Amino acid sequence: MVSPSLKLADIEKPVPNDDQLLVRVRAASVNPLDWHYVEGTPYVMRAMGVGLRRPKETQLGVDYAGTVEAVGKNVTQFKPGDEVFGGRDGAFAQYVCPRAAGSVTLKPANLTFEQAASVNIAGITALQAVRDKGNVQPGQKLLINGASGGVGTFAVQIAKTLGADVTGVCSTRNVDLVQSLGADHVIDYTKEDFTKGAERYDVIVDNVANHSLSEFKRVLTPKGKYVMVGGGGADEQGVFGKMPRTLQAKLLSKFGDQEMGWMLAHPNQKDMTTLADLMQSGKVKPVIDRTYKLSDLPEAIRYLEEGHARGKVVITVD
Ligand SMILES: NC(=O)c1ccc[n+]([C@@H]2O[C@H](COP(=O)([O-])OP(=O)(O)OC[C@H]3O[C@@H](n4cnc5c(N)ncnc54)[C@H](OP(=O)(O)O)[C@@H]3O)[C@@H](O)[C@H]2O)c1
């Protein structure tokens, strides 16, 4: 569970360099990445530079939305007063200095700061999992395992804009939510195990990793793709986390035409702009579960760590 030593502190207001913006943060959002980081799990993360005994980087958070207060002298794309959203380390703060060419774009006027702050990691992951790694085509059958969480709620909506036939997997209390996001079929995992069913899927996006790879393989079409996004709680990460499963997926892909593999999201400006356009047109709408104040951040991370958020958990910053 999240360290009780997590605390708010006063630090120097950051100063943007020539290529950066100074953004006054109005809202941020929490991702499983934040609790992985605080917990130092899987342990291999510690050896890979996160810090052996405690995190080296002491400022948490990535996703934010806010108002540009100042720009570096090389920045022409943004100006003071612009409302923006994006990703930058240390986003649980009053100010961040993102690179103007990085994962940041103008906030559509129809989105609140809270909605915009929920997008960066979950939205980009969903977009890249469905559109790029899954290469979902109109009419293809796509199953999203974990359709009601941060990534899943974006993935269902994005897949519908690409014309897929979408099946969302979630628990009983989230069936209505996933249906309302546009899923054509919803499977309640407390009542039905899709890996034992007769349906075959062209693409599976897996946010949960609660079945073996051979079970997923069984319900893929002969040329189907399995996209491993995440899964596992803090106490299930072990030393290597999902690394053994990733290697196993690579090995299984060598036999037959099915593709199985892990994906790592790469936040970038082009995809943030694509997401902004989808939200501006009303085709994708962020789903917010709970909103916490910055002072209640440990509580927000603890809640997300339980693994049953409905959409995104957002932090408001005064
Ligand atoms: N590879 C990458 O680049 C990348 C990027 C972002 C996130 N991730 C990973 O992807 C995973 C999902 O992230 P997230 O932000 O969506 O997390 P999240 O918001 O915490 O997702 C939790 C969701 O998982 C669902 N769930 C739990 N057990 C389930 C089960 N047995 N079957 C189906 N759904 C189940 C829950 O639904 P119920 O309440 O209905 O159970 C809940 O809605 C995490 O492991 C995260 O670390 C990876």
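What the table below lists for this structure:
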read-out: Amide H partners (placed H, <5 Å) of Gly149, local residues excluded; value: Gly311
read-out: Of every Cα-Cα pair in region 51-199, the percent that sits beyond 18 Å; value: 65
read-out: Region 89-247 - charge dipole about Cα centre, Lys and Arg +1 at Cβ, Asp and Glu -1, debye rounded to 20; value: 460
read-out: Heavy-atom accessible surface of the chain: percent carbon and sulfur, 1.4 Å; value: 52
read-out: Whole-Å distance, taken between Cα centres, linking region 193-230 and region 126-168; value: 13
read-out: Spacing of the two label points (7 Å from each Cα toward its C-beta) at Asp19 and Gln269, in nm; value: 1.0
read-out: Distance (nanometres) between label positions extended 7 Å along Cα→Cβ at Leu247 and Asp296; value: 4.4
read-out: Size of charge dipole - region 76-132 - debye, nearest 20, with Cβ of Lys, Arg +1 and Asp, Glu -1, no other charges; value: 120
read-out: Only Lys, Arg (+1) and Asp, Glu (-1) charged, at Cβ; the chain dipole about Cα centre in debye; value: 520
read-out: Surface accessible to a 1.4 Å probe, per residue, for the residues of the chain, Å²; value: 47
read-out: Expected-Rg normalisation [2.2 N^0.38 Å, Cα atoms] applied to the chain; value: 0.99
read-out: Eligible lysines near Lys293 by straight Cα distance, threshold 17 Å, same-chain separation 8 or greater; value: Lys7, Lys312
read-out: Nearby lysines by direct alpha-carbon distance to Lys217 (threshold 28 angstrom, same-chain neighbours under 8 apart not counted); value: Lys133, Lys141, Lys160, Lys191, Lys196, Lys225, Lys242, Lys250, Lys254
read-out: Rotationally averaged projected area of region 262-318 (alpha carbon convex hull; nm²); value: 5.7
read-out: Area of Val15 that stays accessible when all protein chains are in place (1.4 Å probe, Å², to 10); value: 120
read-out: Per-selection Rg to Rh, region 162-318 - Cα, Kirkwood hydrodynamic radius; value: 0.98
read-out: Quotient of Cα Rg and 2.2 N^0.38 Å for region 115-205, N being how many residues it contains; value: 1.00
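The values are calculated or read from the model by the stated rules, or taken from the named source; none is laboratory data. These numbers come from a predicted model, not from an experiment. Backbone-built Cβ (ideal geometry, glycine too); neighbour counts: all protein chains shown. Accessible surface is based on the protein model in full, side chains and every heavy atom, while ligands, DNA and RNA are left aside. Shrake-Rupley method; radii C 1.70, N 1.55, O 1.52, S 1.80 Å.
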